[in-house]
Structure formats: C-alpha cells, structure tokens
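Okay, structure first, notes after.
A short reminder: the numbers here are calculations on the coordinates, not readings from a lab. As the structure is a computational prediction, the values presented were derived from the model and not from experiment. Cβ: placed from backbone, ideal geometry, glycine included. Neighbour counts: every protein chain shown.
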Amino acid sequence: MKKLFTLVFFLSVLHSFAQTSYFPDEVTSDTLQSLPASAEFQETALPDTIQKDVFRKNIVKINLSSLALENYSLSYERSLTRKITFVAGYSFMPKTEVASVFLVEKVTDKFMDEDDETIEYMNLATVASNSLTGEVRFYTGKHPGARGFYLSLYGRYMNAKAAYLYDYEAYDQTYTLPFDGTIKGFGGGLMIGAQWLIAKRVTFDWYILGAHYGKTQVSMPVLADLSLMTSEDKDALKEEIESINDHLNGKASLEATVSDRGVNLKGDAPFAGIRGLGFTLGVAF
C-alpha cells in the first residue's frame, strides 16, 4: 500500500500582443527626424541602439523535458514591466499505465531486476492528471525583457485520477481491491532558472531548480464485495491502509472506512514536488 501512493504521488506531482520595445512609444520616421542629432547618427547609430533594446512582450512555450513523463505542458509568458513577467501554464497527462511511461521504463530497466515486485505494482497502476501553474518572474541582466537569470514565485493546482488493483490477503482468502479515485492538490514554491533569446523569435528556457509544498485531498473509493470478510479482517485491512500515515511521518491524515460494499479512503496528505532540470522552447512575438 505504501508503494501504491508513492507511485501515484510521484507521477501526479510530476505533473503548470504585439512586438514592443523598451521605449513607451513606437519609433517612427518623424521621431527620428525630430531628434537633435547629425544625419549620420540618425541613419546608422540610433537605429542600431534601438534595435538592441527592442524586446517582445509575449512568449508561447512548450516543455520538452516533460514529454519523457508522457506529460504535455504549454505556457504563455507576458512581460509586465522591463524585467518582470507573468507566466500561465497548463499541463496534462492522459490516462497512462505507470510502467509504460518512457522515463519510468528507462529507470526500471537500469536499476531494477525483472522480478522486482515494484515493477509488478507499476503494471497494475494507471494515472491521469492535469495542472495549472501561475508564476511571477523577476529577471536579472541589462537587456530588457524576459532574458537572463530569474527567480520565480509560483503556485500550482493539480487534479489527478489514479487507479490501482490491490490484493489483500486475509486468513483464508485473497480480496482484489480496485482503488479508483482522485487526488487534488494546491501548493506554492520558488524556482530559479534562466532564459535566452537564441534566435530572432526563439527562446530557450531552463528550469534550474525549484520546489513547492502544499496540501492534497485524497478520495480513493473501492467498490468490492467484502461481505464474507470477518470483522477482524476488516479491522486489519483498515489498519494496513491507514499505515500510510506513518510512512508519511505523520504529515498525512488519511482515514479508511471498510464495509461489506468496499473501502472508502479519504483525507489529506502533503503536496510536495521538485521542479527543475526542465527545458522549454518558445516563440516570441
């Protein structure tokens, strides 16, 4: 049971107009002619200077590294001031078998034996999720716009659906319990990163390292016929499920109700995640 929620939380968490310039008004030929400068300055030096300061306020981006987790992530970044931006992101993972996720496959092939029971658990689990992320970025550097190293303050909402077949062995019988429910979480965090303009309209954004923390609400009901299970076995099943709270160092308050019609698992748990080593490509306009 501990491994069930470790896997689910891992993949659930693992998953969040116009060109302008530094100057407030568009530069026109009338503006250039009105400036007190020599003809040579007007025709050559000033346009070069303005060109260096021009930046684009809008960037649409796709996260490349999240594709390794079967997670599709898009974001939109808008400049609010010269070096402050707001980013809105959306990501989703379609219903996926945990064991079939590309990165999970690579990890299990490299570090686990074929007969490892963890692989069996992952073959029995599916997860689907979507998340919304909002962040404010503070950029460094002398160039205007969303370029340079930055500090990000962000919040994230996650809604995941998870399913898992869990075999519970009673004294003289094995019961298959199909957990199928939702995990909803909200948290906030910090991240550092860097973004470059690698071409006229192409950006490269590097999530260096970040982390968030918050709370999740868990609802994982089980519909199963447990009418033949003794009251002692039901109590033992309840105790085994709620032992998750001990594995999470008392930071979770999950409660299981076991009846003849199945199990109802509800409660709160931590919403913690690492955000880093991400790479996105964007189009600026």
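Can you pull the one-decimal nm distance between simple spin-label points at residue 240 and residue 136, each 7 Å off the Cα toward Cβ?
5.0
Taking neighbour Cβ counts within 10 Å as the exposure measure, how do 80, 226 sort from fewest upward?
Ascending number of Cβ neighbours within 10 Å: 80, 226.
State the extension gain, in nm to one decimal, for the chain segment bounded by residue 165 and residue 97, taking 0.36 nm per residue of separation less the distance between their alpha-carbons.
23.3 nm
Given the stretch 75-175, what count of lysine pairs have C-alpha atoms under 29 Å apart, with each pair 8 or more places apart or on different chains?
So the count of such lysine pairs works out to 6.
So how far apart, in nm, are the two label points at residue 180 and residue 249 if each is 7 Å from Cα heading toward Cβ?
Output for this residue pair reads 3.5 nm.
Assuming R0 = 45 Å, can you tell me the calculated FRET efficiency for the pair residue 198 and residue 225, based on Cβ-Cβ distance, to the nearest 0.05?
After rounding to 0.05, the efficiency reads 0.15.
Kindly put 56, 82 in sequence by how many other C-beta atoms sit within 10 Å of each C-beta, fewest to most.
Sorted ascending by nearby Cβ count, the order is 82, 56.
Using θ = phi - 60° and the Karplus curve 6.51 cos²θ - 1.76 cosθ + 1.60, what whole-Hz ³J(HN,Hα) does each residue of the stretch 231-238 get, with Gly and Pro shown as x?
Karplus-based 3J(HN,Hα) across the stretch 231-238 equals 5, 5, 5, 5, 5, 5, 5, 4 Hz.
Which of 198, 208 has the fewest other C-beta atoms within 10 Å, and how do the rest follow up to the most?
198, 208
Could you check the spin-label model distance between residue 266 and residue 67? Points 7 Å from the Cα along Cα→Cβ, value in nm.
Distance between label points: 4.2 nm.
Residue by residue, what Karplus-based ³J(HN,Hα) values in Hz, rounded to whole numbers, does the stretch 56-68 have, using 6.51, -1.76 and 1.60 with θ = phi - 60° and x for Gly and Pro?
Karplus values, whole Hz, x for Gly and Pro: 9, 7, 10, 9, 10, 10, 10, 7, 7, 5, 5, 5, 5.
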